[in-house]
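Worksheet: one structure, shown below.
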Amino acid sequence: MIKITKLALIFIISVTLISSALAESTFFEEGKIKYKEKKYEESKFLFQRSIVFNPKDQHSYLYLAKIYKFEENKREEEKNINTVLLLDPKNEEANYLLMEIELKKSNYSKVKELAENFTKICNKLCNKKILILESLENLEPKNES
């Protein structure tokens, strides 16, 4: 009888853990679909639910940052980008988005620092670095003596 109880308990715990993992994955995948359909409020809710199940889900934070960028909520956008970079410092898309934010803030030294780091990690977005540096050169104050 004790063996049956232990087996039943193990089975219940296993099913619970598996369904929890599947729920997290489902929320993220559904969020991506809603994001592609430009249903940002629905996708934001799904990404937030995904984070509840897996607080280290850098992809959900990145999508949330993109949604907040669209909504022009700069504070939340930057907060989510920083979370992505905390979880994965080599995330090139998050690095690029942070460079854009710092460029808009006219924080030239931070943009240069991020650009140097971006050069080391870029695979897909390397051409974007050139655009950022050109923008930086155009905006940086000239030393005319």
Taking the stretch 49-81 and keeping only residues that are under 9 Å from the mean Cα position of the chain (by Cα) and open to solvent by 70 Å² or more (accessible area, probe 1.4 Å), one is left with His59
Among the helices (runs of 4 or more DSSP H) confined wholly to the stretch 74-145, which include 3 or more residues that are at pLDDT 85 or above?
74-87, 92-104
So which pairs qualify, if the first residue must be in the stretch 43-72 and closer than 15 Å to Thr26 by Cα, the second must be open to solvent by less than 80 Å² (accessible area, probe 1.4 Å) and not in a helix (DSSP H, G or I), the Cβ gap must be under 7 Å, and the two must be at least 6 apart or on different chains?
Ser50/Asp57; Ile51/Asp57
Single condition Leu103 does not satisfy, out of (1) within 14 Å of the chain's Cα centre (by Cα); (2) open to solvent by less than 40 Å² (accessible area, probe 1.4 Å)
(1)
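Per-residue answers, yes or no, for (1) closer than 22 Å to Glu78 by Cβ; (2) at pLDDT below 95:
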{"residue": "Ser20", "(1), (2)": "no, yes"}
{"residue": "Ser25", "(1), (2)": "no, yes"}
{"residue": "Ser50", "(1), (2)": "yes, yes"}
{"residue": "Tyr61", "(1), (2)": "yes, no"}
Can you confirm whether Ser106 is in contact (Cβ under 8 Å) with a residue 12 or more places away in the chain and under 24 Å from Lys34 (Cβ atoms)?
no
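The values are calculated or read from the model by the stated rules, or taken from the named source; none is laboratory data. Since this is a predicted model, take the numbers as computed values, not measurements. A quick note on method: Cβ atoms are made from the backbone with ideal geometry, for glycine too, and the neighbour counts reach across all protein chains shown. What goes into the accessible areas is simple: the full protein's heavy atoms, side chains included, and nothing from ligands, DNA or RNA. Shrake-Rupley method; radii C 1.70, N 1.55, O 1.52, S 1.80 Å.
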